[in-house]
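Asker: Below is one structure. I have some questions about it.
The values are calculated or read from the model by the stated rules, or taken from the named source; none is laboratory data. These figures come from a predicted structure and were not determined experimentally. Heads up, the Cβs are rebuilt from the backbone with ideal geometry, glycines too, and the neighbour counts pull from every protein chain shown.
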Amino acid sequence: MSIERWKKCSHFIFLLSGVCYLFILMRLWEADQSCYGASNISVVAALRTLQEKIHRLELEKSQAEDNLCSLSVAAAQYKKALEHESCKKDTAHQELMKQRKVISVKLNAAQSRCSLLEKQLDYMRKMVSSAELEKKMVLEQQTQLQKEKDQNQVELHVKLEKLEVLEKECLKLTATQKIAEDKIKHLEEKLSKEEHQHKLIQDKATQVD
């Protein structure tokens, strides 16, 4: 029950007691006017009954006021508890907002780092792709150079074989030339001897004549 309701009940009881008291006095006055000769015992009994009712009403009023005071204290304590709980909720809300702010800052920082790492990763991917392309080109060049080298070696081998054949032929020609020169020399010597003998024969023939 609320404090305002207890206050209304208290005022109502007080007014009710006053009304009852006035009502009884009016009835007594009416009885006194109509029956002036009634016994004083009845009047005293009625007044005593009225006093007892008023006393009970005052006791009830006192109890109601005590209850009202207790309710006021309980209401104040409840209000204080509610204010404390509200303060705790406000503190918890502020702490929660602070934590959310810190988490938001950390999240933004993490997103920035992720963005930077993604850019670095994309750059590394491009670098790797460029390196792989360059490696492919180098391998192709090496393959081409190896083919050319092999081709050159084949051609060189062929040329060396030809050179070897030419050297052999040259040696043969040299040997043949030497043989021919020896034969020519021998023929020249033989011819020289024959000319000498022919000259001797001519000289002898001239002397005979």
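Asker: Considering each of Asp122, Asp32, Asp66 in turn, give the residue that is in a helix (DSSP H, G or I), surrounded by 10 or more Cβ atoms within 10 Å (Cβ to Cβ), of a type in the set (Asp, Glu) and modelled with pLDDT of 85 or more.
Answerer: Of the residues listed, the single one that is in a helix (DSSP H, G or I), surrounded by 10 or more Cβ atoms within 10 Å (Cβ to Cβ), of a type in the set (Asp, Glu) and modelled with pLDDT of 85 or more is Asp122.
Asker: A follow-up question, please. What residue, of Lys53, Lys7, is surrounded by 13 or more Cβ atoms within 10 Å (Cβ to Cβ), modelled with pLDDT of 75 or more and either among the hydroxyl-bearing types (Ser, Thr, Tyr) or in a helix (DSSP H, G or I) (or both)?
Answerer: Testing whether each residue is surrounded by 13 or more Cβ atoms within 10 Å (Cβ to Cβ), modelled with pLDDT of 75 or more and either among the hydroxyl-bearing types (Ser, Thr, Tyr) or in a helix (DSSP H, G or I) (or both) leaves just Lys53.
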